[in-house]
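Comments concern the structure below.
The values are calculated or read from the model by the stated rules, or taken from the named source; none is laboratory data. Please read all numbers here as calculations on a predicted model, not as lab measurements. Because the Cβ atoms are built from the backbone with ideal geometry, glycine has one as well, and the counts that use them run over all protein chains shown.
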Amino acid sequence: MLTATQAIIMILAVAFGTMITRFTPFLLFPETKEPPKMITYLGNVLPPAMMGLLVMYCLKNVSIIETPHGVPDLIAIAGITILHKWKSNVLLSIGGGTIIYMLLIHLC
Amino acid sequence: MASKTRKKEFSRAFRAAFPHTIPVLTGFLVLGMAYGILMQTKGYGALWAMLMSAIAFCGSMQFVAITLLTVAFNPLQAFLLSIMVNARHLFYGISMLDKYKGLGKVRVFLIYTLCDETFSIASSVAPPEDINRKYFFFFISLLDYLYWQAGTLLGSLLGSFITFDTTGLDFVLTALFVVLFLEQMKKKENYAAGVIGILGTLLSRVLFGADNLVIPAMIIILVILIAGRKQLDRTIESKEEQVC
């Protein structure tokens with residue numbers, strides 16, 4: 001167990017590291033200046049790419065070898081995709097997918 | 001009079017922003033509570049959990065930091081680890097340079113609280129035309145931030161009383177990312193980048209394992225996006241030409 005001062009220093013160290021990653025792009029490319037074309041391009045293509053990364057990141061601990069072989073995750077994601085293509089309602093797709101997933105892991 | 005219209009604009013922006021954050025409300029309450037409970041079991045009560053959530057506000061890194069708080073005091077390690085775990089935020093910033101342009105002082109708060117979930121929503125959703133853009137983004141960020149604080153507080157205070165099984169409820173955040181991914185895919189020019197994001201991360205997961213996948217995945221994605229710029233950028237430009 002750390003002392004109170006040490007714990008506060010640790011919190012500040014974690015916060016400082018995090019804020020460097022959040023602020024650096026905005027400090028490197030201030031809004032008063034036009035950013036390089038490459039950066040504007042990356043700003044356009046990174047959102048879909050990062051959304052793909054986040055989806056896969058959430059599934060990183062899913063094992064294909066061990067039961068349930070990622071089946072609940074796959075079925076839930078398929079359900080979300082179908083619901084979303086059909087109704088295009090964000091909350092319905094998310095809620096429906098989560099219910100499918102919870103039913104699968106609790107009942108199976 | 002002026003303050004009255006401002007108030008009206010404020011509440012209209014709130015009503016436009018709130019529905020987008022409901023999945024985050026669910027996910028952050030569950031995960032924030034898990035965080036509060038874990039901190040409690042390691043001897044850090046509500047005050048400490050709240051301090052970390054309020055000042056650092058960095059989800060997964062807060063869970064990593066629980067371990068760091070129970071071993072030898074090493075702030076430099078915590079600092080460096082926090083940069084590595086959170087490196088993906090660098091790409092969020094690059095993506096939001098344009099959207100967060102010209103928003104005045106509130107911009108500092110938006111950048112400070114730019115977590116995965118807020119980025120996903122703010123980058124995928126455009127504020128309705130009749131809604132003040134600044135207030136809209138402000139409420140998305142503020143609400144997500146407050147949900148995390150509320151979850152942390154509830155977890156540290158009530159953790160031991162909670163008996164119902166919430167296993168699997170945190171899937172709501174996976175579902176959020178899946179839906180926002182699908183929203184991005186509605187634009188044809190986003191197809192290639194989305195597939196690159198999925199396959200690049202999958203490759204990184206296979207090569208580097210579940211615990212070290214983010215930074216290699218970011219590098220793989222970045223290299224492919226830069227190498228493929230001619231193809232990917234052209235689709236965007238030719239779209240604009242068609243419009244003209």
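Structure data summary
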| item | result |
| --- | --- |
| Subset of the stretch A:12-39 that is under 23 Å from residue B:227 (Cα atoms) and part of a helix (DSSP H, G or I) - its residue that is nearest to the chain's Cα centre (by Cα) | A:25 |
| Count - residues of the stretch A:57-108 that are at the interface with another protein chain (Cβ under 9 Å from one of its Cβ atoms), over 19 Å from the mean Cα position of the chain (by Cα) and aromatic (Phe, Trp, Tyr) | 0 |
| Subset tally (residues that are in a helix (DSSP H, G or I) and modelled with pLDDT of 90 or more) for the stretch A:54-108 | 36 |
| Odd one out for residue B:174 among (1) more than 30 Å from residue B:9 (Cβ to Cβ); (2) more than 10 Å from every other protein chain (Cβ to nearest Cβ) | (2) |
| Out of B:25, B:69, B:81, sole residue that is surrounded by 14 or more Cβ atoms within 10 Å (Cβ to Cβ), in contact with a Lys or Arg (Cβ under 9 Å, 6 or more places away or on another chain) and not assigned by TED's automatic domain parsing to the domain that holds residue B:201 | B:69 |
| Residue in the stretch B:145-158 that is at pLDDT 90 or above, touching a Pro at 6+ places or on another chain (Cβ under 6 Å) and more than 23 Å from residue A:43 (Cβ to Cβ) present | no |
| Residue that is nearest to residue B:189 (Cα to Cα), among those in the stretch B:220-232 that are loosely packed, with under 13 Cβ neighbours inside 10 Å and of a type outside the set (D, E, K, R) | B:231 |
| Any hit, the stretch A:41-48, residues being part of a helix (DSSP H, G or I) and among the polar types (S, T, N, Q) | yes |
| Residue in the stretch B:167-187 that is touching a residue at least 24 places away in the same chain (Cβ under 8 Å) and assigned to a loop (DSSP other than H, G, I, E, B) present | yes |
| Per-region count, the stretch B:195-221, residues in contact (Cβ under 8 Å) with a residue 24 or more places away in the chain, facing chain A (nearest Cβ under 8 Å) and over 17 Å from residue A:61 (Cβ atoms) | 5 |
| Conditions (1) more than 30 Å from residue B:6 (Cα to Cα); (2) β-branched (Val, Ile, Thr); (3) at pLDDT 95 or above; number of the one not met by residue B:172 | (3) |
| Pairs where the first residue, in the stretch A:68-91, is assigned by TED's automatic domain parsing to the domain that holds residue A:102 and the second is of a type in the set (A, V, I, L, M, F, W, C) and exposed (fewer than 13 other Cβ atoms within 10 Å of the Cβ), C-beta under 7 Å, 6+ apart | A:68/A:108; A:70/A:64 |
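Here is a yes/no grid of residues against (1) closer than 18 Å to residue B:174 by Cα; (2) more than 19 Å from the chain's Cα centre (by Cα):
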site	(1), (2)
B:13	no, yes
B:21	yes, no
B:33	yes, no
B:47	no, yes
B:54	no, no
B:57	no, no
B:60	yes, no
B:64	no, no
